[in-house]
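Asker: Pasting a structure below so you can have a look.
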Amino acid sequence: MLKKLCVIFLACFVFLDLRVVQASKIENIEFELGEDEAVLTFFHLSKGEAALLQDGFGHSILINTGHAASKREVLAMLDLFQVKKLDAIIVTRQEAGYNDNIRPLSERFSPEVIYVPALYTGALPPVQIVEWDKGDHKLFGKALMITALREEKEPVPSMNLSIKYCENHIFYMTNYSAYTEQHLLEEKLEDVNVIKMPSLSKGDRLEEKVVEHLDPQTAIFPASNEYHLNKQFIEYLYELWIDIYFVQKMGTVSMKMNETHYEIITLPAPEGK
């Protein structure tokens, strides 16, 4: 299938240049999503990862909860995007930086369900808990499908996610290893538009055959590992004409989607962060 891409930089959603707008002056953000639209937002946090999925039917799903040290930042981001209630929280890894704030966020936003990797043993609040193994999935609204892709041999419970909205496909990578690599090559992921990169150890990189198998148009790097990335790997991605977004440098990154296209919107981090 021919991939379609529409990448547009917006600021405050009125076609200003976001690079000259101070994020601290923005009180709230409203995407005004239609029933044929959805948005995935990767939060700029000082520590840990969190991303917010919203669709035109009013669903709000939080993927990971950030580090305990960034709890106030996560709460501030959810307030900024006018989230009053979460339909679900998805935790992709039982580790600090991913699951630290489950309890306070559950108390504040009352999710109906929390999805965790199979064999998860971390402390959880008294709400419905669903363990996801490979292939388990959930449809939100009419077109927002989230599917678990689990690495059986990870040292801690964890999973990657396939997120599909109509013709848009995001591969949310949490882990990467030689074992994961082999299984990725067996997955039907050729139609991926955007890849959320995993936290890579210093100097590590995805093998070229994996990148070529996924064939993404856009790569988003979480804030936690941008300062020790393999420079040759980044150059290789640029050579493939892959658009790259660094959350730590650029700030919060949103992927707004309709049925056939997506656009990337960036909200710069406040100065000094």
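Asker: On a 31 Å Cα-Cα criterion, which of the cross-link pairs 134/209; 71/209; 138/231; 84/231; 47/85; 71/188 come out too long?
Answerer: Correct reply: 71/209; 138/231; 84/231; 71/188.
Asker: Then there is this: Using the 10 angstrom Cβ neighbour count as an exposure proxy, how do 41, 174, 147 rank, fewest first?
Answerer: Ordered by Cβ neighbours within 10 Å, fewest first: 147, 41, 174.
Asker: How about the stretch 85-175: which GluC sites (Glu not before Pro) there lie in a loop by DSSP and see at most 15 other Cβ atoms within 10 Å?
Answerer: Sites meeting the loop and neighbour criteria: 112, 152.
Asker: Please list the three semi-axes, largest first and in whole Å, of the ellipsoid equivalent to the stretch 34-267, using sqrt of 5 times the eigenvalues of its alpha carbon gyration tensor.
Answerer: Ellipsoid semi-axes (Å, largest first): 25, 20, 18.
Asker: Something else about it: List 116, 130 from most exposed to least, where exposure is judged by having the fewest other Cβ atoms within 10 Å.
Answerer: In increasing order of surrounding Cβ atoms, one gets 130, 116.
Asker: With a cap of 10 neighbouring Cβ atoms within 10 Å, and only residues DSSP puts in a loop, list the trypsin sites (Lys or Arg not before Pro) found in the stretch 158-201.
Answerer: Answer in residue order: 188.
Asker: With +1 assigned to the C-beta of every Lys and Arg and -1 to the C-beta of every Asp and Glu, and no other charges, what is the dipole magnitude of the stretch 34-267 about the Cα centre in debye, to the nearest 20?
Answerer: Using only the charged Cβ atoms, the result is roughly 920 debye.
Asker: Within a 10 angstrom radius of the beta carbon, how do 72, 93 rank from fewest other beta carbons to most?
Answerer: Ascending number of Cβ neighbours within 10 Å: 72, 93.
Every number in this text was worked out from the coordinates using simple rules, so none of it is lab data. In this text the structure is predicted, and so the values were computed from the model without any measurement. Here Cβ is always computed from backbone atoms with ideal geometry, including for glycine, and neighbour counts include all displayed protein chains.
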